[in-house]
1. Consider V136 carefully, then state whether it is assigned to a loop (DSSP other than H, G, I, E, B), under 18 Å from V197 (Cβ atoms) and modelled with pLDDT under 90.
2. Sort out which residues of the range 55-79 are under 21 Å from Y41 (Cα atoms), surrounded by fewer than 21 Cβ atoms within 10 Å (Cβ to Cβ) and within 22 Å of the chain's Cα centre (by Cα), and write them in order of number.
3. Which numbered condition trips up Q112, out of (1) more than 18 Å from D256 (Cα to Cα); (2) in a helix (DSSP H, G or I); (3) without any contact (Cβ under 8 Å) to a residue 40 or more places away in the chain?
4. Q188 versus (1) closer than 23 Å to G227 by Cβ; (2) at pLDDT below 85: which is the lone unmet condition?
5. May I ask you to list the residues in the range 242-282 that are assigned to a strand (DSSP E or B) and not hydrophobic (A, V, I, L, M, F, W, C)?
6. Taking E167 and the conditions (1) outside any helix (DSSP H, G or I); (2) modelled with pLDDT of 65 or more; (3) surrounded by fewer than 17 Cβ atoms within 10 Å (Cβ to Cβ), which numbered condition does it fall short on, given that it satisfies the others?
7. Let me confirm something: among L44, L124, which residue is assigned to a helix (DSSP H, G or I) and either touching a strand residue (DSSP E or B) at 6+ places or on another chain (Cβ under 9 Å) or over 26 Å from V277 (Cα atoms) (or both)?
Amino acid sequence: MSHWAQMEERGIIWGMQALLKVYLLFGRKVLQFFLYPVVSYYWLVNGKGRRASRQYLRRVSTFMPESKIDTGLLGSYRHFIGFANAIIDKLAAWSGAISLQDVDYHGREAIQRHIQQGEGVLILGSHLGNLEVGRVIAYLGNKVTVNVLVHTKHAEKFNKLLNRYAEAGSMNLIQVTEINAATAMLLQDKIEAGELVVIAADRTPINAGSRVAPARFLGKTALFPQGPFILAALLKCPVYTLFCLKRGGRYGIYFDPFSDGLSFPRKQRETMIRRCVQDYAERLQHYCLKEPLQWFNFYDFWTDEND
């Protein structure tokens, strides 16, 4: 199984740079005209991505037959188009074109209370929907810094590109390949300063020696990282999940409490971590089934074991 970090993420950077320039000069309607050639090319040359997309669509279809989701090549192409539209939403979010009036919040009050009390929060994100739209939380009430952990240099490069055009805000990108003691200490300082730390919890670590845990996801076993949950225990802070879905032209941001503070006693450590991973996988599944074409993990996600 190819690791997601080995995929040709840099292959879309040139296309996204061009799309960003078109978006800033001419707006979304004109950009849509250029969107399909770029996506079509990327879909044609990315055979692994196509196969992974269809694998995922088949899992959704098997798990939820009533969805009647297309599992063929056309369904995969639509999946890629959904990803491209999410990229446009990313551009809009970072350039300030998406305002608070475009967003419906669910569970925001709890996050605001933590911010007002000067209490930092760890937020478990994912590759479902558009996490970047959630950056508007940096402009709510008290000024709060949002620290986002990114795992590849290509992602950081792209986000730096977008950040040139962003409004003056408090978004801090931290590029990490693994969470070590130095990273944990840095993030502890962020939490103690009352800031938000966001980490995706649906991708296995880049470092092959890092720990993963199996969990049932859409009816089959998949591997999830243990790192975000171990980090939560180290930071000793409230933990929430964050999902941002686009429905009917509007964005819905869902904050759900995950834990008041995780703790893993030594004798029960492995069992409790696995339970946390499974709880997260079930929550991801719940939101994934609301908008299946908005989960953008174009690599072989499930294990090959017979279960």
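1. Working: assigned to a loop (DSSP other than H, G, I, E, B): no; under 18 Å from V197 (Cβ atoms): yes; modelled with pLDDT under 90: yes.
So V136 fails the test.
2. Answer for the range 55-79, where residues must be under 21 Å from Y41 (Cα atoms), surrounded by fewer than 21 Cβ atoms within 10 Å (Cβ to Cβ) and within 22 Å of the chain's Cα centre (by Cα): Q55, G75, Y77, R78.
3. (1)
4. Among (1) closer than 23 Å to G227 by Cβ; (2) at pLDDT below 85, Q188 violates only (2).
5. K246, R247, R250, Y251, G252, Y254, D256, P257, S259
6. Among (1) outside any helix (DSSP H, G or I); (2) modelled with pLDDT of 65 or more; (3) surrounded by fewer than 17 Cβ atoms within 10 Å (Cβ to Cβ), E167 violates only (2).
7. On the way: L124 fails: assigned to a helix (DSSP H, G or I).
After applying the criteria, what remains is L44.
Here's the yes/no breakdown for (1) within 17 Å of N85 (Cα to Cα); (2) surrounded by 15 or more Cβ atoms within 10 Å (Cβ to Cβ); (3) in contact with a Cys (Cβ under 9 Å, 6 or more places away or on another chain):
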| position | (1), (2), (3) |
| --- | --- |
| P238 | no, yes, no |
| L242 | no, yes, no |
| F258 | no, yes, yes |
| K267 | no, no, no |
| E270 | no, no, no |
| I273 | no, yes, no |
| V277 | no, yes, no |
| L284 | no, yes, no |
| Y299 | no, yes, no |
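The values are calculated or read from the model by the stated rules, or taken from the named source; none is laboratory data. These numbers were taken from a predicted model, which means no experiment stands behind them. In this analysis, Cβ positions are derived from the backbone assuming ideal geometry, glycine residues included, and neighbour counts consider all displayed protein chains.
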